[in-house]
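Worksheet: the structure to be examined is printed underneath.
Here, each number is a calculation from the coordinates, and none is a lab measurement. These figures come from a predicted structure and were not determined experimentally. Because the Cβ atoms are built from the backbone with ideal geometry, glycine has one as well, and the counts that use them run over all protein chains shown.
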Amino acid sequence: MPRYAMVIDQSRCIGCMACVVSCKRENDVPPEHYRTRVLEMVQGNFPDLTTEMRSELCNHCDNAPCVNICPTGASHHEEDGTVQIDRDKCVGCKACITSCPYNARHINEEHGYADKCSFCQQRLAEGKKPACVATCIGGSRIFGDLDDPNSEVSKILRKTSHRVLGKSIGTGPNVYYINQYPKRA
Amino acid sequence: MAFSRRNFLKYAAMSAGGTVLADTPFISAEARAKAEGGNVKYVPTSCEMCFWKCGAVAKVVDGKVVKLEGNPYHPQSRGKLCARGQAGIGQLYDEDRLKHPMIIDGARGEGKYRKASWDEALDYVAKKMKAIAEKYGPESLAMMSHGSPGDYFTNVLKAMGSRNIAFPSFAQCKGIRDVAWELTYGHKPGTSCERVDLENSRVIVLFGTHLGENMHNSQNQEFAEAVGRGAKIICVDPRYSTAASKSSFWLPIKPGTDTALLLTWINIVISEGLYDKEYVEKYTVGFDEVKDAVKEYTPEWAAQETELPMRQIVESVRELCRYAPNVVVHPGRHYSWYGNDTQRARAVAILNALLGTWGRKGGMWLPAKAKFSGFNDAAPEYPPASKPPLIKGDFPFAGGEGVTQALRDATITGNPYPIKAWIVAGTNLMKALPDQRLTRKAIDNLDLLVAVDLFPTETVMLADVILPECTYLERHDGLFKISTREAGVAIRQPAVEPMYETKPAWWIGSELCKKLGLEQYAAKDNWEGRMRRQAKAWGIDYDQLSKHTGYVSIPGSEKPYITEDNQPVFGTFSEKIELYSEELEGEGFDPVPKYEPIEHPEKDMFRLIYGRSPVHTFSRTVNTQWLWELEKENEVWLNKKEADRLGVKNGQYIVLENQDGVRCNKVKAKVTERIRHDCVYMVHGFGHNAPGLTRANQSGADDQQLITKYIEDPITGGTGMRVNFVKIIKEA
């Protein structure tokens, strides 16, 4: 069984939002809600500035607060390590939304269930990469199986220093960030 | 849609490696649909959410387009689509679309129309056109366009005997650049795309080119690839753009002084002996003249003029030379900035030549080599122009695409002859041309304005007759020649039937020909029949294009780099790169670019500069659901210190007033460290004043409204539009 993870090479992200729209279309995400977003964070004073482009999505945590808190078992881990939501079991209590430190979830108001990034479970079943990865113009989003030492994610994590968001909270995220700011002269 | 294990295996076996998580979604659109079964269809076609013409594949289920993805075979998309491309479905199913022909039923601008049948609307247009041609001569009919519909109405106009045809893409955009490079190299710096070999570049220089925000798919893929593997970016921009955030050198130049920096760089490259001596010797003429002409442009002087640190000016160009020739100074695209723009483009072209980038890896690849036989579907010759067209204005080097504002001027003055009808196809002239007051004045002088478009834009709602075109997902267009590193041919074909009573532009143009008694110029049967004959004439397998891959390449056409047996061909008089231009000299212009200072804003006034958002194409996409959701309104970028001084808070709504007292809609202030103190910036295309665009109407500000001043480039007629100064009115 694979163990899925995403690596985000922030240096390659050009902030074009192709991932965001692709996700909305693939997963029919309702208006004004998103399963993924791209933040552009600029620091410094003119002209000494740096930017962090940060794609954010569900971290599919190993120790997922949303799974731990879900009263009905709707939020659960799949064998492939991903966190998924069984919509039939979800009662829309929003406990998961408040527990998620990554602000990755929303309520689908039309149907009443909680929703979030699934790593495009339906595409994985077809042997395709998640929609955001498939269309990432900058090649910034990289996806694969951590248990396969030859997968692109395993290889890049072996040779590049990386981090996860909110490491100290102990959620064990499966979205990794690599970043190499160009040195400014 | 169920995807059984059995089908999956079938699909996996078809795809290149058959591996799980393969990126290649199909070998053949038809085979892929068959493998999935059910009511699924995959249609390879060409995107038109912008004009990069990416290959797209539409997934159609039960007659509805449900998904668009990038065509992996097409070199402009490489399996990916940008935000706009993904959102094309939003354009197709937008409730605000023009749905049926309409004829004006009130005064111009009142917005009162009556519904008409196609027959009635086309009769009306044809009768008026004939009457105008009879009274004023065929030359009084003009056409302005952007994108594919222009082809079909160019045909109508030429058949009538008029050549007054112009495209804003020339004088309001990239025509200036193209002319400068043609003067220097005898070639444009690209057709389908700029011929920049970014994926192999070691240093990339960007003058205002805001890749990332200016979302041209394949070029951005290559830019990110370059950044990812550590290429150095030198970004010259008064604004800390996305591209600047990836740069090793960000040069926040004083707006309007780019040519000072370029000429100084040329001086440094020559005086420090950093140029490619062998290349210059072999392929260029006029080196000594350039050497003498740039001597006066010293780094000390440039530092003062550009307000950049001298050290940065010198070090950045040395870094550039260190990696030459595997470097490129990007030729740029939108070039109508300050009114002396041909010479800026010439300086970029000359610098590239000195570094030897043309035909070098990581520089600019050589044009693909492919010959397509002529094809006009056995249509007769056009009658000669009734009178010489006015599309070149007084500009000796204006290109064949024409100078739009020259037609506008003649429409207003009636000199040297009256222009009384405009067909406007696929362009919102009120937003494309500077000084909307003049555009409106010209329109008010017309006896007939015909708009062919998708949406009720400002310009469309001034028309006498509105002819609703169908979207790119509902129509055939001619086969596209795609010129990237290789030459190829791509198709646009309908994924679904046209909705409402909309029609493809080819049909509208063809029916109009028939109504005008010009049957011989109408389509012979239908457009697909024509495309099949075109494919045959070009030796292309039409079925391969339409059913399977959507794109075919021309074998052996890719010859990107200079080798002993692949020498560059320069289409100049000297057959070399003309560093010194006798052509320009012959018309009384500087044969080597000179720096001409421009006017700068007084205290409390800011130069208005503008640019693009990656999720919008000009003013065309603001109303598109998912794109509007991501960016509903634009913001004015204002330097933090200036904002503090003026008491403007981030997120506060303000109004801008320009030097002519013209004010824009209220617009949000983005108070930021990311821009110089002497200019403000906004994304172009917002601030619609078009109630029929229910989402986009009145959101954000329209930069073009504030661009009442423009300076014409004397060489090409390009309209410098970054010459307007605004003050900030806090009470919105």
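Packing-wise, with mean Cβ within 10 Å as the measure, how do B:648-654, B:171-177, B:317-323 rank, highest first? Walk me through the intermediate numbers first.
Working: B:648-654: 15.0, B:171-177: 27.6, B:317-323: 18.7.
Descending mean neighbour count gives B:171-177, B:317-323, B:648-654.
Counting only other chains, and only Cβ atoms inside 10 Å, what mean value do you get across the residues of B:608-621?
Values: counts 0, 0, 0, 0, 0, 3, 6, 6, 0, 0, 0, 0, 0, 0.
Neighbouring Cβ atoms belonging to other protein chains average 1 per residue here.
Need one value for B:77-84: mean number of C-beta atoms belonging to other chains within 10 Å of its residues' C-beta atoms.
5
What is the mean projected area of the alpha carbon convex hull for chain A, to one decimal in square nanometres? Kindly include the intermediate steps, with their values, before the conclusion.
Values: hull surface 46.8 nm².
With the hull built on Cα positions only, its mean projection is 11.7 nm².
Modelling each spin label as a point 7 Å along the Cα-to-Cβ direction, I'd like the B:ILE103/B:MET499 distance in nm, to one decimal.
2.7 nm
For the pair B:TYR417 and A:MET1, how long in nm is the line joining their label points, each one 7 Å along Cα→Cβ?
8.0 nm
Given the peptides A:104-112, B:570-578, arrange them by the average over their residues of other C-beta atoms within 10 Å, most packed first. The partial results should precede the final answer.
Details: A:104-112: 15.4, B:570-578: 17.4.
Descending packing order for the listed peptides: B:570-578, A:104-112.
With a cut-off of 17 Å, note down the residues of region A:76-109 whose backbone N falls inside the zone around a label point 7 Å from the Cα of A:ARG37 toward its beta carbon.
It comes to A:97-109, nothing else.
Compute the distance in nm between two label points, each set 7 Å from the Cα along the Cα-to-Cβ direction, one at B:SER574 and one at B:LYS130.
5.6 nm
Let me confirm one metric for peptide A:127-134, namely the mean number of other chain beta-carbon atoms within 10 Å of its residues' beta-carbons. Mind dumping the intermediate values first?
Working: counts 12, 8, 5, 1, 3, 0, 2, 8.
Mean shielding by partner chains, rounded to a whole number: 5.
Which lysines, on any chain, are close to A:LYS89 with Cα under 24 Å apart, when same-chain ones fewer than 8 places away are left out?
A:LYS24, A:LYS116
Given Cβ point charges of +1 (Lys, Arg) and -1 (Asp, Glu) and nothing else, what value in debye, to the nearest 20, does the dipole of the protein assembly as shown about its Cα centre take?
1620 debye
Rounded if a/c is under 1.5, else prolate if a/b beats b/c, else oblate: with a ≥ b ≥ c from the C-alpha gyration tensor eigenvalues square-rooted, which is region B:576-693? Intermediate results must be reported in sequence, preceding the final value.
On the way: a/c = 2.47, a/b = 1.52, b/c = 1.62.
It comes out oblate by the Cα gyration axes.
Once phi is turned into θ = phi - 60°, what whole-Hz ³J(HN,Hα) does the Karplus curve with 6.51, -1.76 and 1.60 give for every residue of region B:715-732, x standing for Gly and Pro?
7, 10, x, x, 9, x, 10, 9, 10, 9, 10, 10, 10, 9, 9, 6, 7, 8
In Å³ and rounded to a whole number, note down the convex hull volume per residue for the Cα atoms of region B:685-732.
Dividing the Cα hull volume of region B:685-732 by its residues yields 93 Å³.
Just subtract the alpha-carbon distance of A:ASP88 and A:SER161 from 0.36 nm times their residue separation and send over the number in nm, one decimal.
Using 0.36 nm per residue and subtracting the Cα-Cα distance, I get 22.2 nm.
When the scattering of region B:73-148 is computed by the Debye formula from its Cα atoms alone, each counted once and equally, what is log10 I(q)/I(0) at q = 0.11 Å⁻¹?
-0.56
Calculate the FRET efficiency for A:ASN45 and B:ALA732 from the Cβ-Cβ distance with a Förster distance of 30 Å, rounded to the nearest 0.05.
0.65
Going by a 4.7 Å Cβ-Cβ cut-off, which cysteines of chain A have no partner at all?
Those would be A:CYS13, A:CYS16, A:CYS23, A:CYS61, A:CYS70, A:CYS90, A:CYS93, A:CYS100, A:CYS120, A:CYS136, since no other cysteine Cβ in chain A comes under 4.7 Å of theirs.
Distance between Cα centroids, region B:154-182 to region B:27-52: provide it in whole Å.
34 Å
Of B:THR284, A:GLY15, B:VAL452, which is farthest towards the positive pole of the protein assembly as shown's charge dipole, taken about the Cα centre with +1 and -1 on the beta-carbons of Lys, Arg and Asp, Glu respectively?
About the Cα centre, the residue reaching furthest to the positive side is A:GLY15.
Could you derive backbone 3J(HN,Hα) for region A:31-38 from the dihedral phi with the Karplus parameters 6.51, -1.76 and 1.60 (θ = phi - 60°), listing whole Hz in sequence and x where the residue is Gly or Pro?
Listing the rounded values in order: x, 6, 10, 9, 8, 8, 8, 10 Hz.
Would you please give the residues with an amide H less than 5 Å from that of B:CYS679, counting only those at least 5 places away or on a separate chain, with H modeled from the backbone geometry?
Amide H neighbours of B:CYS679: B:ARG607.
Which whole-number percent is the relative contact order of chain B (Cα, under 8 Å, 6+ apart)? Write out the running numbers ahead of the final one.
Details: 1667 pairs, mean separation 138.8, N = 732.
It rounds to 19 percent for chain B.
With θ set to phi - 60° and the Karplus curve 6.51 cos²θ - 1.76 cosθ + 1.60, what are the ³J(HN,Hα) couplings of region B:30-45 in order, to the nearest whole Hz, using x for Gly and Pro?
Those phi angles translate into 5, 5, 5, 4, 4, 5, 7, x, x, 9, 9, 9, 10, 10, x, 8 Hz.
Can you tell me the Rg and Dmax of chain B, counting just the alpha carbons, in angstroms?
Calculated on Cα positions, Rg and Dmax stand at 25.6, 74 Å.
Can you give the FRET efficiency for B:PHE372 and B:GLN520, using 1/(1 + (r/R0)^6), R0 = 35 Å, r = Cβ-Cβ distance, to the nearest 0.05?
Approximately 0.90, to the nearest 0.05.
Rounded to the nearest Å, what's the spacing between the alpha carbon centres of region B:194-271 and region A:91-131? Just the number, please.
39 Å
Quick check: from the Cα gyration tensor, does the protein assembly as shown come out rounded (a/c under 1.5), prolate or oblate? Mind dumping the intermediate values first?
On the way: a/c = 1.42, a/b = 1.15, b/c = 1.23.
Cα axes put the protein assembly as shown in the rounded bin.
How much of the DSSP beta bridge set in chain B is antiparallel, as a percent to the nearest 5?
Close to 50 percent.
What residue among A:GLU152, A:GLU56, A:GLU32 has the largest mean-square fluctuation in a Gaussian network model of chain A, using Cα springs under 10 Å?
The residue with the greatest mean-square fluctuation here is A:GLU32.
Based on the Cβ-Cβ distance from B:SER117 to A:GLU110, what FRET efficiency comes out when R0 is 45 Å, to the nearest 0.05?
The calculated FRET efficiency here is 0.70.
I'd like the distance between the alpha-carbon centres of region B:577-631 and region B:707-732, rounded to an integer number of Å.
10 Å
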